[in-house]
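Accompanying notes for the structure given below.
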Amino acid sequence: MASDSGERSLLLVLLALTLFSGLVDAVCYLGLGRVFTANMTGNVVVLGLAAAGAPGFSVTASLTSLGVFLIGAVCGGRISNAVTRRSRLLVTAIGIEAVFVAAAAIIAATASTVATGWGRYTTIAVLAFAMGIRNAVIRRLAVPDMTTTVLTMTLTGLAADSALAGGTNPKSGRRTAAVLAMLAGATAGAALYLHTGPGLPLAVSAGAAAITAIFAYAGRAARYLEEK
């Protein structure tokens, strides 16, 4: 996917975040009543379904996720303006995500249910805020084909730049890896949720995010970001 070891390390970090997005959104969609907190494209579609009166969808839950995500993105923008070192910016965003996803895991584990009531809306808000911050920071870093939450343009690039379309398959490795990471995260999140409920998969995501933050800080990804 990359010839430079620092770039490979950075791509591994971003692929891990992509996997976490799939995991978190799988839990949210299955456990919080058909709502997304990382993928706002899907969430806007869900909001439309809810507004049309489709059964099983909630306007208030979708608006909560969308609104708090935007608040998180505003905070992420301010953090991006305040933290000038790109490596520290990435580590800060992942660290914040780890803390907020851990808080969501605690809520999910202690609330009587996250399918309705305060447990549902609090968990949605906490996760959407964290994802808003992360998305704003990833946008500022602007690593090609690594948005960590949306795959539409990634899949488009795979097809449009392929040999079938007369292209040379640039960045096909990272694009394919991003798709597989999201799929793996969604599969793992769904499997864990179906067998254990929402608390454990969110706890796993929080712990993995903390490890990823340490890897990003101590590894070659940080040095690579500072050189670019």
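Quick notes on this structure:
- Residue satisfying condition, being under 21 Å from residue 205 (Cβ atoms), in contact with a Pro (Cβ under 7 Å, 6 or more places away or on another chain), buried (at least 20 other Cβ atoms within 10 Å of the Cβ) and not basic (Lys, Arg), within set 130, 125, 108: 108
- Test: residue in the stretch 166-176 that is crowded, with 17+ Cβ neighbours inside 10 Å and of a type outside the set (D, E, K, R): yes
- Comparison of 60, 41, 18 shows that the only residue that is under 16 Å from the mean Cα position of the chain (by Cα), part of a helix (DSSP H, G or I), surrounded by fewer than 17 Cβ atoms within 10 Å (Cβ to Cβ) and of a type outside the set (Gly, Ala, Ser) is 41.
- Test: residue in the stretch 144-161 that is in contact (Cβ under 8 Å) with a residue 40 or more places away in the chain, over 16 Å from residue 39 (Cα atoms) and not charged (D, E, K, R): no
- Test: residue in the stretch 95-102 that is modelled with pLDDT under 95 and not in a loop (DSSP other than H, G, I, E, B): no
- The one condition in (1) surrounded by 22 or more Cβ atoms within 10 Å (Cβ to Cβ); (2) out of contact with any Lys or Arg (no Cβ under 7 Å at 6 or more places or on another chain); (3) under 29 Å from residue 215 (Cα atoms); (4) in contact (Cβ under 8 Å) with a residue 40 or more places away in the chain that residue 36 fails to fulfil: (4)
- Of all the criteria given as (1) crowded, with 20+ Cβ neighbours inside 10 Å; (2) under 28 Å from residue 113 (Cβ atoms), the one not satisfied by residue 30 is (1).
- Whichever residue in the stretch 133-147 is among the charged types (D, E, K, R) and crowded, with 18+ Cβ neighbours inside 10 Å and, among such residues, is nearest to residue 31 (Cα to Cα): 134
- Applying the set (1) touching a residue at least 24 places away in the same chain (Cβ under 8 Å); (2) over 17 Å from residue 36 (Cβ atoms); (3) surrounded by fewer than 18 Cβ atoms within 10 Å (Cβ to Cβ) to residue 102 leaves exactly one unmet item: (3).
- Any hit, the stretch 76-87, residues being among the hydroxyl-bearing types (Ser, Thr, Tyr), on the phi < 0 side of the Ramachandran plot and modelled with pLDDT under 95: yes
The values are calculated or read from the model by the stated rules, or taken from the named source; none is laboratory data. Since this is a predicted model, take the numbers as computed values, not measurements. So basically every Cβ, Gly included, is an ideal-geometry build from the backbone, and we count neighbours across all protein chains shown.
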